[in-house]
1. Can you tell which of 145, 96, 112 is exposed (fewer than 14 other Cβ atoms within 10 Å of the Cβ), outside any strand (DSSP E or B) and under 17 Å from the mean Cα position of the chain (by Cα)?
2. Checking the conditions here, which among 242, 203, 232, 246 is buried (at least 18 other Cβ atoms within 10 Å of the Cβ), within 15 Å of residue 181 (Cβ to Cβ) and over 25 Å from the mean Cα position of the chain (by Cα)?
3. Which one is surrounded by the most Cβ atoms within 10 Å (Cβ to Cβ), of the residues in region 18-77 that are among the charged types (D, E, K, R) and closer than 19 Å to residue 114 by Cα?
4. Would you point out which residue out of 49, 82, 70 is under 30 Å from residue 132 (Cα atoms) and of a type in the set (Gly, Ala, Ser)?
5. List, please: which pairs have Cβ atoms under 9 Å, are six or more places apart or on different chains, and start with a residue in region 213-241 that is within 29 Å of residue 173 (Cβ to Cβ) and among the hydroxyl-bearing types (Ser, Thr, Tyr) and end with one that is modelled with pLDDT of 90 or more and not in a loop (DSSP other than H, G, I, E, B)?
Amino acid sequence: MQWSELKILAARREIVPVVVTGFHETGDAIVVDVAYGEATGFIPASRMALPPDHDVELLLTDLIGQEIDAVIAGLDDGVFAADRLSAMQRIRGRTPLSPETVVRARIRHVLPNVLYAEAAGRLIRVEHDAAVRRRTPTLRLVYAPGDEKDVRIEKVVSPPAEDAPEIYAGNIIAVAENPYAKAMYRPGARLRATVLRVFDRSISLSFEPEVIGFAHLPRYPVAPGDEVIVKIDSVNPDEMKIFATIIRRVGARMPGKAVIRRRGRY
C-alpha cells in the first residue's frame, strides 16, 4: 500500500472497505483499530454507527474481523483516520430504501434477543421472533456476525440523525433456503425419516439435517434411531412445521392389518 494512494483517498474523502482488527481505550474514549491493505488506521467509536442502548464493547467485539465501509478522513504519522458513519450516510443518500423491500444484508451484531444487519447504508434491527421460526435460547445458535441473509424491510424504528445511524425494522426471510418449502414435502407424500425422540403422545422425526417433523405414536413400538416410512399429513413452510403419520418401520411388516387364514381345505 503506497501512502500516496492513501493521501489521494483522504483528499477525496473516498469510501473504502476496511477490516476491523480490534479496539482499545485512549483516555476516556474507545478507538477501533482498522486496516486497509497493509496500512493501519483507527475510527473513533463515536463514528462507528453503533446501535444505541447496547454495550459498546460487545458490539465492537462482533465487528472484529468484519469488513466495513469507511471514509478515509486523514493521515498522521503513518496512520490513517477513518469515519464509518459518514460512509453510511453517503451510501444511504444515494440508495433509496422503502418498506416491503427485500435486501441482501450482512449481519453485524448478534445479541441474545435481537440482531442488527447492514444494507444500503442502514442498520436493520431484527427481533428474535422475526429472525427464527422455532424456539431457541439465543440467536447465536443460528446466526453469526458476518453472515449474509435476505431481509425484508418493515419500517423505520428511529428517525435519522446527524450523529446516529438510520435504523429500520425488518425480518429475515429465506426464499430459497427454507427446506420446508421443498416440493418433496407435500401432503400425501411418502418419505423415509429417522425417529429422534419418543414423547408421551408424539414422536419427533428427522427427514434431513434441517427438517424436523412430528407424528402421533404408532400402534407398535419404535425407538430413537429407527428408520420409518411416513405419510405427510400437513406442511406449513412459514412456521417450519411438518405433521406426518408413521406407516411402518423400515424392515417391518405393514402394521394394523391382520393376516386372515381360512380354516379347512383350500
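The values are calculated or read from the model by the stated rules, or taken from the named source; none is laboratory data. Not measured: the values here are computed from a predicted model. Note that we place each Cβ from the backbone using ideal geometry, even for glycine, and neighbour counts take in every protein chain shown.
1. Numbers: 145 fails: exposed (fewer than 14 other Cβ atoms within 10 Å of the Cβ); 96 fails: under 17 Å from the mean Cα position of the chain (by Cα).
None of the other options fit; the residue is 112.
2. Working: 242 fails: over 25 Å from the mean Cα position of the chain (by Cα); 203 fails: within 15 Å of residue 181 (Cβ to Cβ); 246 fails: within 15 Å of residue 181 (Cβ to Cβ).
Just a single option satisfies the conditions, and that option is 232.
3. The selected residue is 62.
4. Numbers: 82 fails: under 30 Å from residue 132 (Cα atoms); 70 fails: under 30 Å from residue 132 (Cα atoms).
Checking each option against the conditions leaves just 49.
5. Partner pairs satisfying both residue conditions: 234/241; 234/242; 234/243; 234/244.
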